[in-house]
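The values are calculated or read from the model by the stated rules, or taken from the named source; none is laboratory data. Nothing here was measured: the structure is a model prediction, and the numbers come from that model. For neighbour counting, all protein chains shown are included, and Cβ atoms are generated from backbone atoms with ideal geometry for every residue, glycine included. Areas reflect the complete protein model, heavy atoms only, side chains present, ligands, DNA and RNA absent. Shrake-Rupley method; radii C 1.70, N 1.55, O 1.52, S 1.80 Å.
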Amino acid sequence: MHSDEDTTIADCKWENTMISDDNNVHKFKTIHDSKNADDSIGTRSAESAAVAATSRDMSKVAVIVSLLVVVLLVIFFFGMNRNIAGLTEEVKGLGSLRQEMAGIDQRLVQMEQGMPSQMKKMIAQDIVNEMAMKAAHLGNTLEDEQLRDKMQQVLQTLKEVRQGLEQ
């Protein structure tokens with residue numbers, strides 16, 4: 001007879017009995033057959049050969065998977081290295097951009113220092129032009145000859161002021 005530890009599914013017949021206390025639990029017993037015991041020795045050697053072949057096949061699969069992982073890690077490493085190199089170049093480019101911005105700021109300050117007198121002249125010219133347009137419109141809409149003549153004098157004076165600002 002065989003012990004329960006050496007028994008395989010092919011060696012056993014199962015007997016199903018019910019425990020009568022609560023009628024819900026099944027109890028299984030193994031029943032050994034002497035005919036199956038002789039066949040089990042042959043099947044065990046075939047099973048062990050199959051297990052050995054399977055483990056050799058699995059070791060080949062494990063080697064292939066590990067090689068693929070190494071290849072992927074190398075690809076990932078070089079990809080990241082390339083990205084970091086690109087970022088380093090962009091950071092260096094930002095340094096030169098900061099220097100250019102500092103130069104532009106200095107030129108802007110110089111321009112602001114020289115601009116107030118020119119700006120004042122430009123604003124005065126715009127105001128004089130606006131006044132001349134309004135005076136011309138008003139001179140054309142007036143019916144009284146004396147008022148029209150006075151508006152013409154005002155227009156002449158505004159033209160003189162504009163010429164003085166342009167110089």
| Residue count for the stretch 96-108, restricted to those that are over 25 Å from Glu166 (Cα atoms) and either touching a residue at least 24 places away in the same chain (Cβ under 8 Å) or open to solvent by 70 Å² or more (accessible area, probe 1.4 Å) (or both) | 9
| Only one residue in Glu90, Glu143, Glu112 is open to solvent by 80 Å² or more (accessible area, probe 1.4 Å), outside any helix (DSSP H, G or I) and not hydrophobic (A, V, I, L, M, F, W, C). Which one? | Glu143
| What pairs come up if the first residue lies in the stretch 113-139 and is at positive phi, the second is open to solvent by 90 Å² or more (accessible area, probe 1.4 Å) and of a type outside the set (Val, Ile, Thr), and their beta carbons are under 7 Å apart, counting only those six or more places apart or on different chains? | none
